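Q: Got a structure for you, questions after.
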Amino acid sequence: MKFKFVLLLLISGNLSISVQAEVPNYAVVVSESTNADSKWHEVVEALRVKHHASVITFAKSVTEALPKLREQFPHYACFVATPAEASAQFVVQVHRMTRHLDDDPYTDCIWGILTGYDAANALRIAKQSEPLLVRRGLGGTAITLDKFDEGVWFDEGKRGHMVRKERGGVAKDETAPDDTTGAIAKEFNEGNADFFMTSGHATERDWQIGFSYRNGQFRCENGKLFGLDTQKVRHPIESKNPKVYLPVGNCLMGHIDGPDAMALAFMNSGGVNQLVGYVVPTWYGYGGWGVLDYFVKQPGRFTLAESFYANQQALLNRLALYLPELLDAEIDTKGRMKARPQLNDKARKAGIQEKDAVGLLYDRDFVAFYGDPAWEARLAPADSGWEQTLVEKDGVFTFEVKPKAGSDGLAHMDRPLFQFLPHRLKHIELIEGADLEPTVTSKFILLPKGKSSDGKTLRVVFRAEKA
């Protein structure tokens, strides 16, 4: 089902669009066997009804859905999968398939894998319709509390240190217990955090709270999270409020290798509706940490699903600009390729080394997004240091980025500027702004990180038709 409307959006002066837009469409992709299971079919139906979605089924491999996805070309694709189906290989297949709905190298839809410890857990996530306005943050590593109304983070690198921000106040250092397991569990259970972020050592079975000193752990058992401190005291974790979880610096936290995977326990007893995590050991970090540039550093501008999508396109764009011959190269979970990457002169001049080429390919396919991709979880709107606007008139689009006086502008951004287009476009012709080296695709505009110290407005003008 499709509806047309005129969209006029203003988020804290950050974003303004005035264009003729079309409500995004949505596809649910599910195996025939899972769809035939009455309990998992309820999950599919909940998504279908909520999003007026189509349902695409496949017999054996998720890649069988590609022809129908190409035909529909949805804005969102949700892959409903049981824990047994949601393997690392499944994540890789979804990544690679969703880049091949058309001929460009970029991902062609905002996707998510919706699973859970069991069908009831997945159904809870699928039925969630009320958007989440993220106001309270909780971290097992440092988080930028100035972007949250309130929150607390516990230092993984310095024993006895934590930082807290009360509503209406500023972040202040506090003394933490030497073993923070119970304190973090209490915050998780009673603090009503909307956002949880961790880093440091982890496996599919545990998160090791201290990185440079001895501390406790979070573990799971039968779909339930619990803290286990250094004295072997167990701290049960049961949190009902919806939240998002970003283990962006953790190894393997996104890897579902069985029913006792940590990701499933966070969804089941932790109230997590969306999770971004590696299905492999992480070492390069582009696919994880970059999500924060879009979700936290630009509060309110992007949902978490959009932030994950934008970061992946930034990664693909880096390959396209400097290592185009590697866009379709495959890499295994050990970081091994059939042949060592050969760097061209442009890549060398940009400071790209062989490890960067391998790292980009590694992060391209091995970070998972779990949850309904159309569910809106975003930070409360706040100033990001610049305004960006997109205006269309008579088929001519003008995209402008204006740093605000007195701010650091774009200096704190590590990723390119990103702007979704209101609908798919074709026959794109650049009119102004070629010196900024923009990438304008059928779905988005991407600008390399600009120098904003002079406060000048960045402007890209192009002509295009609706696809």
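Q: Of everything in the range 108-139, what is surrounded by fewer than 22 Cβ atoms within 10 Å (Cβ to Cβ) and in a loop (DSSP other than H, G, I, E, B)? Give them in sequence order.
A: ASP118, GLN128, SER129, GLU130, PRO131, ARG135
Q: In the range 366-398, how many are of a type outside the set (Lys, Arg), part of a strand (DSSP E or B) and either within 30 Å of TYR284 (Cβ to Cβ) or open to solvent by 50 Å² or more (accessible area, probe 1.4 Å) (or both)?
A: Keep residues of the range 366-398 that are of a type outside the set (Lys, Arg), which gives 366-377, 379-392, 394-398.
From what is left, the residues that are part of a strand (DSSP E or B) are 367-370, 377, 379, 386-392, 396-398.
Now restrict to residues that are either within 30 Å of TYR284 (Cβ to Cβ) or open to solvent by 50 Å² or more (accessible area, probe 1.4 Å) (or both): 367-370, 377, 379, 386-388, 391-392.
Of the residues in the range 366-398, 11 are of a type outside the set (Lys, Arg), part of a strand (DSSP E or B) and either within 30 Å of TYR284 (Cβ to Cβ) or open to solvent by 50 Å² or more (accessible area, probe 1.4 Å) (or both).
Q: For residues that are surrounded by 13 or more Cβ atoms within 10 Å (Cβ to Cβ) and hydrophobic (A, V, I, L, M, F, W, C), scanning just the range 322-344, find the one that is nearest to ASP102 (Cα to Cα).
A: By that ranking, first place goes to LEU327.
Q: Right, next: Taking strands (runs of 3 or more DSSP E) that fall entirely within the range 211-251, which contain at least 2 residues that are modelled with pLDDT under 95 and over 28 Å from PHE148 (Cα atoms)?
A: Details: elements: 217-221, 224-228, 234-237, 243-246.
In the range 211-251, no matching strands (runs of 3 or more DSSP E) lie anywhere.
Q: Do you know which residues across the range 429-443 are over 16 Å from VAL391 (Cβ atoms) and part of a strand (DSSP E or B)?
A: Within the range 429-443, GLU429, LEU430, THR439 qualify.
Q: Among (1) open to solvent by 20 Å² or more (accessible area, probe 1.4 Å); (2) touching a Phe, Trp or Tyr at 6+ places or on another chain (Cβ under 6 Å), which single condition is ALA347 missing?
A: Failing condition for ALA347: (1).
Q: Which condition breaks for ALA142 when tested against (1) on the phi < 0 side of the Ramachandran plot; (2) over 20 Å from the mean Cα position of the chain (by Cα)?
A: Checking ALA142 against (1) on the phi < 0 side of the Ramachandran plot; (2) over 20 Å from the mean Cα position of the chain (by Cα), the one that fails is (2).
Q: Continuing with the same structure: Residues that are free of Cβ contacts under 8 Å to residues at least 40 places away in the same chain, among the acidic types (Asp, Glu) and surrounded by 21 or more Cβ atoms within 10 Å (Cβ to Cβ): does the range 150-159 have at least one?
A: yes
Q: Regarding LYS224, is this residue out of contact with any helix residue (DSSP H, G or I) (no Cβ under 9 Å at 6 or more places or on another chain) and open to solvent by 10 Å² or more (accessible area, probe 1.4 Å)? Walk me through how you get there before you give the answer.
A: Details: out of contact with any helix residue (DSSP H, G or I) (no Cβ under 9 Å at 6 or more places or on another chain): no; open to solvent by 10 Å² or more (accessible area, probe 1.4 Å): yes.
When the stated conditions are applied, LYS224 does not pass them.
Q: Return the total of residues in the range 405-435 being in contact (Cβ under 8 Å) with a residue 12 or more places away in the chain and open to solvent by 60 Å² or more (accessible area, probe 1.4 Å). Reasoning before the result, please.
A: Applying the first criterion (in contact (Cβ under 8 Å) with a residue 12 or more places away in the chain) to the range 405-435 yields 405, 407-433.
Right, trim to open to solvent by 60 Å² or more (accessible area, probe 1.4 Å) and you get 405, 408, 411, 414, 424, 426-432.
Final tally of qualifying residues: 12.
Q: Select from the range 176-207 the residues that are within 22 Å of the chain's Cα centre (by Cα), without any contact (Cβ under 8 Å) to a residue 60 or more places away in the chain and not in a loop (DSSP other than H, G, I, E, B) and list them in ascending order.
A: Listed by number, the list holds a single entry, ASP206.
The values are calculated or read from the model by the stated rules, or taken from the named source; none is laboratory data. Predicted, not measured: the structure shown is a model, and the values here were computed from it. Methodologically, a virtual Cβ is constructed for each residue, glycine included, from the backbone with ideal geometry; neighbour enumeration extends over all protein chains shown. Heads up: the accessible areas ignore ligands, DNA and RNA and are worked out on the full protein's heavy atoms, side chains in. Shrake-Rupley method; radii C 1.70, N 1.55, O 1.52, S 1.80 Å.
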